[in-house]
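The block underneath contains the structure these notes are about, expressed in C-alpha cells.
The values are calculated or read from the model by the stated rules, or taken from the named source; none is laboratory data. Everything quoted here is computed from the prediction, not taken from an experiment. Here the Cβ positions follow ideal geometry from the backbone for every residue, glycine too, while neighbour counts run over all protein chains shown.
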Amino acid sequence: MSNGKRLALSVLPVVAAMLLGQVATFPNLAPWYAHLAKPSFNPPNWIFGPVWTTLYVLMAIAVWRVLGTDARQKHAALLLFFIQLAFNAAWSWLFFGLHNPLLGLIDIVPQWFLVVATMLVFWRIDRLAGLCLLPLTCWVAFATLLNFEIWRLN
C-alpha cells in the first residue's frame, strides 16, 4: 500500500467522524445541553475540544501503524476500529442531535467494549498502536459514567 493511500485511510475516516460529531454537538450546546442537570465531576465545556482532538490524532496514528503491518489479524483489527468509530460518530447524533441521553448511553456502552477490543487487537499487532488507543479507552469509560449520570439526573 502506498504511503498516500495509507495516510488517507488513517486520517480521512477519523476526520469524517470528528466532523460528523461536531455537526450534531455544537448547535445543541447552548440551547439544550447547557440546561441539563450534570454531575459534580462534569468537566467544563472547553476541555472536550482539546481532549477529542488529541484522541482523534492518536486514533489516526494507531490506524496508520496497523495499516503498515503485514499482521494476519490486521483486517479484523481494522474492522473493529471502524465499527467503534461509527459508534463514536453516532453517539453525538443520539445524545446531542436527538437530545436523548438514554440513546447516547445505549450507544456508548457497546462503544466502550469495541474500543477495548480494538485496543487489545492493535496491541497484539503493534504495541504503540495499542497504546495510542489507551487514552480513548479511559476517556470513553469516563464519558460512559458521565452519560449515565446525565441520563439519571434528567
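Grab the helices (runs of 4 or more DSSP H) fully contained in segment 54-154, keeping just those with 3 or more residues being over 17 Å from the mean Cα position of the chain (by Cα) and without any contact (Cβ under 8 Å) to a residue 60 or more places away in the chain.
Passing ranges, in order: 74-92, 101-125.
Which of the residues that make up segment 23-41 are free of Cβ contacts under 8 Å to residues at least 24 places away in the same chain, outside any helix (DSSP H, G or I) and of a type in the set (A, V, I, L, M, F, W, C)?
Selection gives Ala30 alone.
State yes or no: is Leu20 surrounded by 14 or more Cβ atoms within 10 Å (Cβ to Cβ), in a helix (DSSP H, G or I), without any contact (Cβ under 8 Å) to a residue 24 or more places away in the chain and not basic (Lys, Arg)?
Working: surrounded by 14 or more Cβ atoms within 10 Å (Cβ to Cβ): yes; in a helix (DSSP H, G or I): yes; without any contact (Cβ under 8 Å) to a residue 24 or more places away in the chain: no; not basic (Lys, Arg): yes.
In short, no.
I'd like to check something: does segment 42-51 contain any residue that is closer than 23 Å to Leu80 by Cα and at pLDDT 95 or above?
yes
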